[in-house]
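Nothing in this text is a laboratory measurement; each read-out follows from the coordinates by a stated rule. Fair warning: this is a prediction, and the values are worked out from it, not measured in the lab. For neighbour counting, all protein chains shown are included, and Cβ atoms are generated from backbone atoms with ideal geometry for every residue, glycine included.
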Amino acid sequence: MTGAGGAPSTVGGAWVVDLDGVVWLAGAPIGDVAGSVARLRSAGVDVLFVTNNSAPSSEELLARLYRAGVDAGPSDVLSSAAAAASLLEAGQRAGLVGGDGVREALEHRGVAVVAEPPVDAVVVGWTHDFDFDVLARAATLARSCGRLIGTNEDPTHPTPEGLLPGTGSLLAAVATASGLRPEVAGKPHAALASLVRERLGDAGRLRLVVGDQPRTDGVLAQRLGVPFALVDSGVTPAGASSSVPVAHRAADFASLVDQLVGS
Ligand SMILES: [Mg+2]
């Protein structure tokens, strides 16, 4: 941890910033996140928002940021849906269990989303539309091609009503029913890390990964070789220990920016 005035090495360059639990919680902005992003940008820091939530389309994600007071374009956001699509090639065919975000990412990649064999892979992202029939079809399709890809493996996600099943729960069901070991694309895995490096152009610009989950955000920071800043505004309660080294810790994103950039 650092005090006010903070470590100058985190200023300039680019920060990777998680969305759920950092920018918002169940859609409601956390503290003065808009002002903090503006302050960071005027200090010369590029902000790349990186989320494991594969469900929203990129348009919906940008609209959510706009409603939170953050101006962002398509190049400012990366999701586990894009990471999953990057594991496939243009011209391939994929079965899909997931929402608009994954469908859009696959189609943008030139991958046809189909319901019947032959397929090259089955991709699982987050969706509310999941039942026995969906599971049976996905497992059969996955068995037919032998390749199962998960956008991410978060077992749950936090909502005002408590924890709800996350993509990891759906993926585990398809993996068990198909007998396949899934490849996982999102944080903290290699596919997403590669997209971050690609998006930044010069990976040496990256100074910090900010997130609320050591298991995903912290391990991504390790993989990218930069410090991890943990905020207590999401799934990790204040004072809870972290499974990976924490370079900076703050109650929320605004406090972190105060620490490292000044108020
Ligand atoms: Mg998070």
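Within the shell of other residues whose beta carbon sits under 14 angstrom from the beta carbon of residue 209, the net charge comes to +4, with Lys and Arg scored +1 and Asp and Glu -1.
Near residue 179, once Lys and Arg are set to +1 and Asp and Glu to -1 for all other residues with Cβ below 14 Å from its Cβ, the sum equals +3.
Working note: Debye formula, equal point scatterers on the alpha-carbon atoms of segment 24-131, no solvent; log10 I(q)/I(0) at q = 0.19, 0.24 Å⁻¹ is -0.93, -1.26.
The phi torsions of segment 31-39, fed into the Karplus equation with coefficients 6.51, -1.76 and 1.60 and a -60° offset, translate into couplings of x, 8, 5, 4, x, 5, 5, 4, 5 Hz, rounded to whole numbers, with Gly and Pro shown as x.
For residue 106, the shell of other residues with beta-carbons less than 13 Å away shows a net charge of -2, using +1 for Lys and Arg and -1 for Asp and Glu.
What shape does the chain have by the C-alpha gyration tensor, where a ≥ b ≥ c are the square roots of the eigenvalues, rounded means a/c under 1.5, and otherwise prolate means a/b greater than b/c and oblate the rest? Here the chain falls in the prolate category. GNM remark for the chain: springs join alpha carbons under 10 Å apart, and the peak mean-square fluctuation among 57, 242, 80 falls on 242. Only Lys, Arg, Asp and Glu carry charge here, each on its Cβ (+1 for the first two, -1 for the last two); on that basis the chain has a dipole of about 640 debye about its Cα centre.
Only residues of segment 115-141 count here: report those whose backbone N is under 15 Å from the spot 7 Å along Cα→Cβ of residue 89, or say none. Taking a point 7 Å out along Cα→Cβ of residue 89, the residues of segment 115-141 whose backbone N falls under 15 Å are 120-121. Would you kindly state the longest site-free stretch of the chain, with sites defined as GluC sites (Glu not before Pro) in a DSSP loop (not H, G, I, E, B) surrounded by at most 15 other Cβ atoms within 10 Å? By the stated rule (loop sites, at most 15 other Cβ atoms within 10 Å), 162-263. For segment 193-263 versus segment 106-145, the spacing of their alpha-carbon centroids is 33 Å. Specify whether the C-alpha gyration tensor of segment 80-152 places it in the rounded, prolate or oblate class, a ≥ b ≥ c being the square roots of the eigenvalues: rounded for a/c under 1.5, otherwise prolate if a/b is larger than b/c and oblate if not. Oblate is the answer for segment 80-152, as a/c is 1.5 or above yet b/c matches or exceeds a/b.
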